[in-house]
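Notes follow the structure.
FYI, it's all coordinate maths here, none of it is from the lab. Just so we're clear, the structure is a prediction, and the values are computed from it rather than from any experiment. Using ideal geometry, Cβ is built from the backbone for each residue, glycine included, and neighbour counts are taken over all protein chains shown.
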Amino acid sequence: MQKTTIETFAEITPEQIAEWKEKYEDIYKLGCDGKFCIVKSVDRKTLSYSSSVGTKDPMKFNEMLLKGCWLGGDIEIQTVDKYFISVGQKLAELLQIKEATLEKL
């Protein structure tokens, strides 16, 4: 039986990474000071929820964004301020905004 929660980066196997890649396409290794986690790209639901709670508390935006994209890894990234604040600066890069075009016909 597969473990449902991965709380250390060392628990993540190549098979697990392959499974996540198949399910989510783009996944990323996010880290700080020897602590690492795997996250997926931001989806609309996660962005919407993070934005709604982040209107009054900008740190809550990053917290909800990280939790919504979290697949597994060192849980200290979510719980220890020095790691959370450091990786928070990279979370915006998960928002893969493409250049759109608008053409009048």
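Explain nothing, just the number: relative contact order of the chain, from Cα pairs under 8 Å at least 6 residues apart, as a whole percent.
Numbers: 123 pairs, mean separation 30.6, N = 105.
Result for the chain is 29 percent.
Would you mind computing, in nm to one decimal, how far apart the modelled labels at residue 85 and residue 59 are, each placed 7 Å from Cα along Cα→Cβ?
In this crude label model, residue 85 to residue 59 measures out at 0.8 nm.
How about residue 45: which lysines have a C-alpha closer than 20 Å to its C-alpha, ignoring those fewer than 8 places off in the same chain?
In chain and number order, the partners are 21, 23, 56, 60, 67, 90, 98.
Quote the charge dipole size of region 23-91 about the Cα centre in Debye, to the nearest 20; the model charges only the Cβ of Lys and Arg (+1) and of Asp and Glu (-1).
180
Over the chain, what lengths in whole Å, largest first, do the semi-axes of the equivalent ellipsoid take, defined as the square roots of 5 times the eigenvalues of the alpha-carbon gyration tensor?
Semi-axes from the Cα gyration tensor: 25, 19, 12 Å.
For every other residue with a beta carbon closer than 10 angstrom to the beta carbon of residue 82, add +1 if it is Lys or Arg and -1 if Asp or Glu, then tell me the sum.
Values: positive: 35; negative: 33, 76, 81.
Net of charged neighbours comes to -2.
Using the basic label-point model (7 angstrom from Cα toward the beta carbon), what is the residue 95 to residue 16 distance in nanometres?
Result for the modelled spin labels: 2.9 nm.
Would you calculate a helix-derived [θ] at 222 nm for the chain, using -39,500 (n - 2.57) for each DSSP H run of n ≥ 4 and dividing by the full residue count, to the nearest 500?
Result for the chain: -12500 deg cm²/dmol, rounded to the nearest 500.
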